[in-house]
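Worksheet: one structure, shown below.
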Amino acid sequence: MNIFIIDMDNLKNPHWAGGQARGTREIGKRLVKMGHDVTVICSKYPNYADYNEDGIKHHHIGLASDNSRFNNVCFLLALPFAVRKIRADIILESFTAPFSVSFAPLFTKTPVVGYATFFAAGEMKKKYKLPFDLLERFGLKFYKYIVALNGGDERKIRQVNSRMISRVIPDGVGDEYFDLPRGEAKHLLFIGRFDVNQKGIDLLLHAYAKIKDRIGYPLVIGGHGQDEDKILLLIHELKLEKQVKMIGSTYGEKKFRALSEAVCAALPSRFETFSIFGLEALASGLPLVIFDIPGLSWSDSLVALKAKAFDVEEYAQCLIRATEPSLNAEMSRQARVFALRFRWDNIVSEFDVFFKQVLSKSLQH
């Protein structure tokens, strides 16, 4: 099959290089190994160049600037023209903020599979005071095929368009995390995009401030993004300069070291479709500390301590519980067993099967 993937982000993009881009890379390179031809359509950025990596061809559209939001808008405006030119068997469109859909099916006869990697236009409406949720609902009506990352999102999507053919295929995790040894526990760990509104970093810092003198571990925050200054200011306001360490972008060996030296992983998101970092932490043997939100309902009490949504006091107590030696040891053992079902090889096999079903149905019409 000739497969095109639409993903605004990619791992060379200095503005983002987020979890969605990592997922695209993992899916793409395994599809290539299965014998498929894979091309990714992504956004331009400063000093970009089209490239081929892991057998995946990357083609950039839009305009390049130092303003990430401007680049994103240009990407979305250029996308209909790019989609018209695509000659492929399947198009996989990764949904993206602020309103998920790009209306790609309107511009091509090639089957488009919507990939609900972002499905939170309602949250974007709250943030920007614009009706992104209405655009999301309207756009979903033009999609015949959808992959959702969790059952809750699939149900919400089908409420809008009950005629579509949908599958739940979660995010995945690489085998390298299962082999990562757990060293001496030195810190609590958060790794993610610096988006305070979505990732709940403010909630984590407020919770940690309540227990900083009792928990016995510093908090390490890895990542990058537009809200770094907000995070640094909040650390200062809460007088956490001595207990919180910002380590910047965290990839490769730096990431493996941070995970191997962590006692648990903090995932304080206000909303998620899934969480690749959450899976990586579990595969590394780390318990999760999360809020009880729909996008993280795939995890269970054997591997995650869940606080009532956005209850900072309860979240603080969960952080303390996650560091208790006996509970931590048991949850660590369960975490790796739980994560096995999400190995990328298994996940991409599900994509391959679904793509063949889509192609078969499209040829019947």
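So the values come out like this:
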quantity: Wholly enclosed strands (runs of 3 or more DSSP E) of the stretch 229-305 bearing at least 1 residues of a type in the set (Gly, Ala, Ser) and surrounded by fewer than 19 Cβ atoms within 10 Å (Cβ to Cβ); calculated: 244-248
quantity: Filtered residue count, the stretch 315-331, keeping only those that are open to solvent by less than 40 Å² (accessible area, probe 1.4 Å) and not in a helix (DSSP H, G or I); calculated: 1
quantity: Test: GLU93 is open to solvent by 10 Å² or more (accessible area, probe 1.4 Å), among the charged types (D, E, K, R) and within 23 Å of the chain's Cα centre (by Cα); calculated: no
quantity: Pairs where the first residue, in the stretch 150-167, is in contact (Cβ under 8 Å) with a residue 60 or more places away in the chain and the second is surrounded by 14 or more Cβ atoms within 10 Å (Cβ to Cβ) and aromatic (Phe, Trp, Tyr), C-beta under 6 Å, 6+ apart; calculated: ASN150/TRP298; ASP153/PHE119; ILE165/TYR145; ARG167/PHE354
quantity: Check on PHE118, at pLDDT below 95 and within 25 Å of ILE86 (Cβ to Cβ); calculated: yes
quantity: Test: residue in the stretch 171-182 that is over 22 Å from LEU11 (Cα atoms) and among the small types (Gly, Ala, Ser); calculated: no
quantity: Members of the stretch 342-361 found to be surrounded by fewer than 18 Cβ atoms within 10 Å (Cβ to Cβ) and either without any contact (Cβ under 8 Å) to a residue 12 or more places away in the chain or over 18 Å from ARG25 (Cβ atoms) (or both), listed by number; calculated: SER349, VAL353, LYS356, GLN357, LEU359, SER360, LYS361
quantity: Test: residue in the stretch 159-181 that is in a helix (DSSP H, G or I), out of contact with any strand residue (DSSP E or B) (no Cβ under 6 Å at 6 or more places or on another chain) and under 30 Å from GLY139 (Cα atoms); calculated: yes
quantity: Residue match in the stretch 215-227 (condition: within 15 Å of the chain's Cα centre (by Cα), hydroxyl-bearing (Ser, Thr, Tyr) and open to solvent by less than 60 Å² (accessible area, probe 1.4 Å)); calculated: no
quantity: From the options THR96, THR108, residue that is at negative phi and at pLDDT 95 or above; calculated: THR108
quantity: Single match in LEU130, LEU140 (criterion: farther than 26 Å from GLN364 by Cα, in contact (Cβ under 8 Å) with a residue 12 or more places away in the chain and over 19 Å from the mean Cα position of the chain (by Cα)); calculated: LEU130
quantity: Sole residue being open to solvent by 50 Å² or more (accessible area, probe 1.4 Å) and basic (Lys, Arg), chosen from LYS186, LYS199; calculated: LYS186
quantity: Some residue of the stretch 110-123 being open to solvent by 40 Å² or more (accessible area, probe 1.4 Å), touching a residue at least 12 places away in the same chain (Cβ under 8 Å), of a type outside the set (S, T, N, Q) and closer than 29 Å to ALA283 by Cα; calculated: no
quantity: Of all residues in the stretch 2-53 being surrounded by fewer than 16 Cβ atoms within 10 Å (Cβ to Cβ) and touching a strand residue (DSSP E or B) at 6+ places or on another chain (Cβ under 9 Å), the one that is nearest to GLN226 (Cα to Cα); calculated: LEU11
quantity: Options LEU288, LEU305, LEU234, LEU279: the member that is of a type outside the set (Val, Ile, Thr) and in contact with a Phe, Trp or Tyr (Cβ under 8 Å, 6 or more places away or on another chain); calculated: LEU279
quantity: Only one of GLN364, GLN334 that is modelled with pLDDT of 95 or more and surrounded by fewer than 20 Cβ atoms within 10 Å (Cβ to Cβ); calculated: GLN334
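The values are calculated or read from the model by the stated rules, or taken from the named source; none is laboratory data. In this text, all values refer to a predicted model and were calculated from it rather than measured experimentally. FYI the Cβ positions are ideal-geometry reconstructions off the backbone, even for glycines, and counts take in every protein chain you see. Keep in mind that these areas ignore ligands, DNA and RNA; they rest on the heavy atoms of the full protein, side chains included. Shrake-Rupley method; radii C 1.70, N 1.55, O 1.52, S 1.80 Å.
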